[in-house]
Structure formats: structure tokens, C-alpha cells
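In what follows, a single structure is set out as C-alpha cells and then discussed.
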Amino acid sequence: MSTFDDGGYRWRETYFVFFRSAARPTLEQFEKTFGRLRKQFELAELKANEEGLFDSARIIAAEANAAIDVSFVDGEEVTEQLKALRSEIRPVAEDDDERKKLKLLRECDARLDVLHFERVTDFGFADDEDEPDEMLDPGALLIVMERLVKLCDGVGVDPASSAVI
């Protein structure tokens, strides 16, 4: 079940982690990476392929009022998206670190989709897109992105701002 199907959450944003498919983590590596953060995160709906490689998971960050769905994607969809992204990011790459990450994107052929959801509560704002239900803490998303980038030796991307992470 996707968090999109859970009426207790509302989608907020999507980030990506691009990496070489050879660096695709196993489900065990994923669990170990986030298992160290048990006080902050709860893992659910963990899935792997036949070889034990990571496919998808839900990360629940109750204190941050958030859930984060992570899923693996590869193939032509990723290749096409990377071509477009490189041309969008190139003009805004401001320092050597960002330019290095842009070069690394040329080697990538896989990605993790990182979908950030806000928990919806019953405080009178559930139907109003502009009013927060409770304070959504973006820190959970930032921690997840940092861990995923490190786990896959990849490049995090915020497609809304064409920023590399």
C-alpha cells in the first residue's frame, strides 16, 4: 500500500537520489542504515527483489508528523529524466561540490524516489491546503535524504528547485 492510499497522510513533495545501479543496496543494508535511527523512524512495508536488493519501503517519522515512501526505479525513465535534469542543474551549479555532483549524475542509471507526506490530523485544517495540520518537520526528510545518498553513493536532487543535495 502506498502512502497515497492512506487517508491519514497528504503528499507534499518528491525528491530523488540518483546512483549507479551497481550500488543498489540490499534490503538488509537499507534496514541497517535506518535501524540505527529507531527512535526517530519506524520502517514498514519493506520489499526486496528475488536477489534481496531493495525495492521499496515506508519510513514513518511520527515526531516529525511525516511519512516517507522510498522506491527503486531504473531503466529508460531514469536515463531520460537525467538528461533533462543535467541541463536544468548545470546553469545553477555554483561551486565545485555542485559541479562534481553534476558530473557524477552522468554515471547514474538508477534512482530512488523519495516521496514526503505530511500526517493529516483533525485540528480543523484537513481540507485547507494552506494551513498546516500540525507542524511538519522537514528534518526527517533531510535525514532520510542524507542517509540514502550515503547508502547509494549517489546524488540527491530536489527537482522543484533543480538543486543537488
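Rule-based calculations on the coordinates, nothing more; no lab input. What you are looking at is a predicted structure, and each value in this text was computed from that prediction instead of being measured. Quick reminder, even Gly has a Cβ in these numbers, built from the backbone with ideal geometry, and neighbours come from all protein chains shown.
Each Lys or Arg adds one and each Asp or Glu subtracts one; over the other residues with Cβ under 11 Å from the Cβ of Cys152, this totals +4.
What percent do you get for the relative contact order of the chain when only Cα pairs under 8 Å and 6+ apart count? Spell out each step's value before the answer.
Working: 299 pairs, mean separation 56.5, N = 165.
Relative CO of the chain lands at 34 percent.
Let a ≥ b ≥ c be the square roots of the eigenvalues of the Cα gyration tensor of region 43-85; is it rounded (a/c under 1.5), or, if not, prolate (a/b larger than b/c) or oblate? The partial results should precede the final answer.
Details: a/c = 5.49, a/b = 1.44, b/c = 3.80.
The shape class here is oblate.
Between helix 139-152 and the chain there is an angle of about 30 degrees, using the helix long axis and the longest principal axis of the Cα atoms. Applying a threshold of 24 Å to the alpha-carbon distances of Lys32/Lys83; Lys47/Lys100; Lys39/Lys103; Lys47/Lys103; Lys32/Lys103; Lys39/Lys150 flags Lys32/Lys83; Lys47/Lys100; Lys39/Lys103; Lys47/Lys103; Lys32/Lys103 as lying beyond it.
Can you tell me how much longer the chain between Gln29 and Arg86 gets when fully stretched, taken as 0.36 nm per residue apart minus their C-alpha distance, in nm with one decimal?
Numbers: separation 57, 0.36 × 57 = 20.52 nm, distance 2.88 nm.
So the chain would gain 17.6 nm between Gln29 and Arg86.
If the segment from Thr14 to Asp113 were pulled out straight at 0.36 nm per residue, it would be longer than the present Cα-Cα gap by 34.9 nm. Considering helices alone, the calculated mean residue ellipticity of the chain at 222 nm is -9000 deg cm²/dmol, with DSSP H runs of length four and up weighted by -39500 (n - 2.57) and normalised per residue. I need the calculated FRET efficiency for the pair Glu51 and Phe4, taking r as the beta carbon distance and R₀ as 25 Å, to the nearest 0.05. Calculated value: 0.35.
Equivalent ellipsoid semi-axes for the chain, as square roots of 5 times the alpha carbon gyration tensor eigenvalues: give them largest first, rounded to whole Å. Could you put the intermediate results ahead of the total?
Numbers: eigenvalues 143, 81, 39 Å².
Semi-axes (√(5λ), whole Å): 27, 20, 14.
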